[in-house]
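These notes concern the structure reproduced below.
The values are calculated or read from the model by the stated rules, or taken from the named source; none is laboratory data. Treat the numbers as computed from the prediction; the structure is a model and nothing was measured. Here the Cβ positions follow ideal geometry from the backbone for every residue, glycine too, while neighbour counts run over all protein chains shown.
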Amino acid sequence: MGIDPNLYELQGIEYLMLQLNVWFAVFTLDTMRYLIAATVTSLVLYKFLNAWSQSRKIQTRAASKADIRREVFFSLLTTSIYGFVAVFVIYAMSHGYLKIYENVEDHGWAYTLLSLPLLLLLHDTYFYFAHRSMHHPKLFKWFHKIHHLSRTPTPWAAYSFGPGEAFVMSAFVPFMLWAIPIHGSVLFTFVAIQIFRNAQGHSGIEFHHHKWVDSPLDVFTTTTHHDMHHQKVKGNYGLYFTWWDRILGTELPGYKDEFRRIVNQNRQEAADGAQGSMPSNS
Ligand SMILES: [Zn+2]
Ligand SMILES: [Zn+2]
């Protein structure tokens, strides 16, 4: 797709410069995406909706500046690893090993549109099992410990992984590009959804509708779902959907009650406030 395989016939220093350019381009793109997702989530929840967000805070503990610095540092390490993996992905792409396509007609509109939810379903499944495996005591220290240094996560923790976890997380897209045809715009949308959802899941603010867990939307995770995972360092392993945790019995006990407590705390206060300000009949 759009890359001249003859470029790979360059030799020596020019070949290295080409690879460095690929790395830098993907590193920049992924870093921009991360910064945009974390900045937009932070601005919306902590600035524009701050008063409302305060009543939807999940934890009383606050993340420190050092926590945020660490989350940004490891997120940038992750995007630099994604750039490294992309060097191999783009090589494979330019040599026709991957099934990315540009013309919708190649596979039709129905397939192209359905491939996005399919990608999200498969990613959720990959994430659940990879994430749960990384919680195995023998693997945790090597793969997942850095991410759990965030006890009170912030949107900046979206990519806060150790190098091992960054490689595990980066493997999904190349594997999918090898396994099934994916349109370029579907891939772009998928990557945008996953980073925004990731930033929101670490925001510490329960912004979902107060009836969420008591409605059919309960199949989707909430901020509370992943925040509880950071508090307890176990359970609630899913990313977008709740069903793997339910099928395999890893949903944390009291998840729905905790969600209801958080979203109703301001409603209760507002009701109490309204009652307190009502003129007395006596
Ligand atoms: Zn975890
Ligand atoms: Zn997390």
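Of all residues in segment 151-177, those satisfying the criterion of being buried (at least 17 other Cβ atoms within 10 Å of the Cβ) and touching a Lys or Arg at 6+ places or on another chain (Cβ under 8 Å) are Thr152, Ser160, Gly162, Leu177.
When His226, His131, His208 are screened for being part of a loop (DSSP other than H, G, I, E, B), surrounded by 15 or more Cβ atoms within 10 Å (Cβ to Cβ) and either more than 11 Å from ligand 1 (Cβ to nearest atom) or touching a residue at least 12 places away in the same chain (Cβ under 8 Å) (or both), only His208 passes. Under the condition of being within 11 Å of ligand 2 (Cβ to nearest atom), farther than 18 Å from Ser64 by Cβ and not hydrophobic (A, V, I, L, M, F, W, C), the residues counted in segment 140-161 number 2.
Given the condition within 30 Å of Val263 (Cβ to Cβ), modelled with pLDDT of 90 or more, among the aliphatic types (A, V, I, L, M) and buried (at least 16 other Cβ atoms within 10 Å of the Cβ), answer yes or no: does some residue in segment 53-60 qualify? Yes, there is a match, as at least one residue in segment 53-60 is within 30 Å of Val263 (Cβ to Cβ), modelled with pLDDT of 90 or more, among the aliphatic types (A, V, I, L, M) and buried (at least 16 other Cβ atoms within 10 Å of the Cβ). The residue that is nearest to the chain's Cα centre (by Cα), among those in segment 69-127 that are within 30 Å of Tyr15 (Cβ to Cβ) and of a type in the set (D, E, K, R), is Lys99.
Of all residues in segment 50-70, those that are under 21 Å from Phe161 (Cβ atoms) have Cβ atoms under 6 Å from Cβ atoms of residues that are buried (at least 17 other Cβ atoms within 10 Å of the Cβ), 6 or more apart or on another chain, in Ala63/Thr152; Ala63/Thr154; Ile68/Thr154; Ile68/Trp156. Residue pairs whose Cβ atoms lie under 6 Å apart, sitting 6 or more positions apart in sequence or on different chains, and linking a residue in segment 139-166 that is free of Cβ contacts under 8 Å to residues at least 40 places away in the same chain to a partner that is of a type in the set (Lys, Arg), do not occur here. Taking the conditions (1) loosely packed, with under 15 Cβ neighbours inside 10 Å; (2) farther than 20 Å from Leu120 by Cα; (3) in contact with a strand residue (DSSP E or B) (Cβ under 7 Å, 6 or more places away or on another chain) in turn, Asp214 satisfies each one other than (3). Restricting to segment 151-162, give me the number of residues that are touching a Ser or Thr at 6+ places or on another chain (Cβ under 6 Å) and either acidic (Asp, Glu) or within 13 Å of ligand 1 (Cβ to nearest atom) (or both). The total comes to 3.
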